[in-house]
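Contents: one structure, followed by commentary.
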Amino acid sequence: MSIKRITPMFEWPKQLPVLTDAQKRAREDFMVHWHKVLPKKYGMVERFNHRGAFTEPIKPGSRTLEIGAGLGAHIEFEDLSKQTYVANELREEMAAEIKARFPQVEVLVGTSIRAAV
């Protein structure tokens, strides 16, 4: 049997399955749960993810746009006194938590990112 017969052809853009309302709620619940579990259970990986990629100091007056901010875990590693920080998050509940934890950060929800550019 050839590999072509057992694997579907790659298509772009990928068509995601239509989810029921219950499946959508379960997906959103999992995402929030995972963002809360990850830093506690896998702290070493989480710290590496946030500290390892960028080591240059932030210059005063810089503007930073984070796309897919989750619950704002990366913001804890930033010096907000030197920059204007804008966080974009697709999920309203997660964006609300960023706003509560970091009132000095501008938080955009969903596709409202065009306003920050």
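I'm checking my understanding of the structure. Among residues of segment 56-72 that are closer than 20 Å to HIS35 by Cα and assigned to a strand (DSSP E or B), which one is most open to solvent (accessible area, probe 1.4 Å)?
Checking each candidate, the answer is ILE67.
Of the residues in segment 83-93, how many are touching a residue at least 24 places away in the same chain (Cβ under 8 Å), assigned to a strand (DSSP E or B) and surrounded by fewer than 18 Cβ atoms within 10 Å (Cβ to Cβ)? Don't jump to the end; show me each part of the working.
So in segment 83-93, the residues touching a residue at least 24 places away in the same chain (Cβ under 8 Å) come out as 83, 86, 88, 91, 93.
After this cut, where a residue has to be assigned to a strand (DSSP E or B) as well, the list is 83, 86, 88.
Checking which are surrounded by fewer than 18 Cβ atoms within 10 Å (Cβ to Cβ) leaves us with 83.
So the count comes out to 1.
Every residue in segment 73-82 that is open to solvent by 20 Å² or more (accessible area, probe 1.4 Å) and touching a residue at least 24 places away in the same chain (Cβ under 8 Å), please. It would help to see each step written out before you state the result.
As a first pass, look at segment 73-82 and keep what is open to solvent by 20 Å² or more (accessible area, probe 1.4 Å): 73-74, 76-82.
Listed by number, the residues that qualify are ALA73, HIS74, GLU76, PHE77, LEU80, LYS82.
Mind listing whichever residues of segment 1-50 are outside any helix (DSSP H, G or I), open to solvent by 90 Å² or more (accessible area, probe 1.4 Å) and either at pLDDT below 85 or in contact with a His (Cβ under 9 Å, 6 or more places away or on another chain) (or both)?
So in segment 1-50, the residues outside any helix (DSSP H, G or I) come out as 1-2, 7-20, 42.
The next check asks that each one be open to solvent by 90 Å² or more (accessible area, probe 1.4 Å); those that pass are 1, 8-12, 14-18, 42.
If the condition is that a residue be outside any helix (DSSP H, G or I), open to solvent by 90 Å² or more (accessible area, probe 1.4 Å) and either at pLDDT below 85 or in contact with a His (Cβ under 9 Å, 6 or more places away or on another chain) (or both), then MET1, PRO8, MET9, PHE10, GLU11, TRP12, LYS14, GLN15, LEU16, TYR42 are the ones that fit.
The values are calculated or read from the model by the stated rules, or taken from the named source; none is laboratory data. Given the structure is predicted, the values throughout are model-derived calculations rather than measurements. Positions of Cβ are generated from backbone atoms using ideal geometry, with glycine treated the same way; all protein chains shown enter the neighbour counts. Areas reflect the complete protein model, heavy atoms only, side chains present, ligands, DNA and RNA absent. Shrake-Rupley method; radii C 1.70, N 1.55, O 1.52, S 1.80 Å.
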